[in-house]
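> A single structure is presented below for examination.
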Amino acid sequence: MYMRLAQMTVAEYLDGEQDSPVRHEYLDGQVFNMTGSSAEHNLIAGNIYSRLRSHLRGGTCRAFMSDMKARIETMNTFYYPDVLVTCDSEDRERYFKSFPCLIIEVLSPGTETVDCREKLLAYQKLPSLREYVLVAQDAVTIEVYRRDEQGQWWLVRLGEKDTLHLETVGLTMTMSEVYEDVFPL
C-alpha cells in the first residue's frame with residue numbers, strides 16, 4: 001500500500017521546527033526526522049566546535065553546532081550539519097545559514113550514506129562552501145572535500161598520523177584534539 005506524503009512549504013517547515021521537540025531535515029517539501037547521536041559523535045563534534053569557536057572569537061566568522069540549519073536554496077533543502085561556519089555578513093537569518101564556508105559532519109552508522117552521498121552533492125551546490133569535512137566516529141579517519149580557486153573539488157584523506165588543517169578558517173587540529181576522550185592517541 002502506498003501513502004501520499006504531504007508537501008510542506010518552507011514557511012510551514014521553519015515555523016514547525018521552532019516548536020518541535022524533534023529536529024527534521026527538509027528536502028523540497030518533504031520532512032524527515034533526525035535521529036539522536038552517540039556519546040562519541042557528540043564528543044567529536046564538541047571538540048571541533050569548541051576549537052573553532054575559540055579560534056574565530058573576535059573575528060567576522062561564526063561557528064554553529066548541530067541546531068543551526070544549512071539552507072541549500074537551489075535545492076529547496078535544509079540540513080542540520082554537526083558544525084557549520086559562516087563568514088558572510090549577509091548570513092543574518094536567525095534559524096538557518098545560507099552562505100557557509102565550512103561544514104563538518106560526524107559520521108554515524110545511520111547517517112553515513114546520506115552524509116557521504118546526498119549531502120556531499122547538495123552542499124557542493126553552495127557557492128560559498130570551500131570545505132566539507134567528514135569525520136568518522138568509529139576510527140581515526142577524516143575526509144576533507146576542498147574546493148580550489150577554479151571551483152574544482154579535491155579529496156584529502158587523513159589518518160591517525162595526520163593533522164586536520166581547515167584552510168577556510170586557518171585552523172589546524174591534531175587527531176588527538178579531534179578525537180579527545182574518544183580514542184587514546
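> Would you mind telling me the share, in percent, of accessible area of the stretch 58-185 contributed by carbon and sulfur at probe 1.4 angstrom?
For the stretch 58-185, the apolar C and S fraction of the accessible surface comes to 49 percent.
> How much length is gained if the chain between Asn76 and Leu185 is pulled fully straight, taking 0.36 nm per residue apart and subtracting their Cα-Cα distance, in nm to one decimal?
Taking Asn76 through Leu185 to full extension adds about 35.1 nm, to one decimal.
> Which longest run of the chain has no exposed loop site in it, a site being GluC sites (Glu not before Pro) in a DSSP loop with at most 15 other beta carbons within 10 Å, and the site itself not part of the run?
Looking at the chain, 1-89 is the longest stretch - no exposed GluC sites (Glu not before Pro) with at most 15 other Cβ atoms within 10 Å.
> Quick test of your reading: applying the under-4.7 Å Cβ rule, which cysteines of the chain are isolated?
Cys101, Cys116
> Let me ask you something else. How large is the charge dipole for the chain, taken about the Cα centre, if only the Cβ atoms of Lys, Arg (+1) and Asp, Glu (-1) carry charge, to the nearest 20 debye?
Once rounded to the nearest 20, the dipole reads 280 debye.
> So what are the three principal axis dimensions of the chain from its Cα atoms, in whole Å, longest to shortest?
Per principal axis, max minus min of the Cα coordinates gives 50, 37, 31 Å.
> For Lys69, which lysines qualify as cross-link partners when the Cα separation must be under 16 Å and same-chain residues fewer than eight apart are set aside?
Here the lysines satisfying the reach criterion relative to Lys69 are Lys97, Lys119, Lys125.
> List the relative contact order of the chain as a percent without decimals, with contacts defined as Cα pairs under 8 Å and 6+ residues apart.
Answer for the chain is 16 percent.
> For the full complex of protein chains and a 1.4 angstrom probe, list Phe96, Phe183 by accessible area with the highest value first.
Putting Phe96, Phe183 in descending order of accessible area: Phe183, Phe96.
> Next up: Tell me which chymotrypsin sites (Phe, Trp or Tyr not before Pro) from the stretch 1-93 have a DSSP coil assignment and no more than 15 other beta carbons within 10 Å of their own.
Passing both the DSSP loop test and the Cβ count: Tyr2.
> Still on this model: Solvent-accessible area per residue for the chain at a 1.4 Å probe radius, Å²?
The answer is 57 Å² per residue.
> What stretch of the chain, leaving out the sites themselves, is the longest with no trypsin sites (Lys or Arg not before Pro) in a DSSP loop having at most 10 other Cβ atoms within 10 Å?
95-160
> Moving on to the next point. Residues with amide H under 5 Å of Thr111's amide H, sequence separation 5 or more or different chain, H placed in the peptide plane at 1.01 Å from N; which?
Those lying under 5 Å, H to H, from Thr111: there are none.
The values are calculated or read from the model by the stated rules, or taken from the named source; none is laboratory data. All values derive from a computational prediction rather than experimental measurement. Methodologically, a virtual Cβ is constructed for each residue, glycine included, from the backbone with ideal geometry; neighbour enumeration extends over all protein chains shown. Side chains are part of the model used for accessible areas, which takes the heavy atoms of the whole protein and leaves out ligands, DNA and RNA. Shrake-Rupley method; radii C 1.70, N 1.55, O 1.52, S 1.80 Å.
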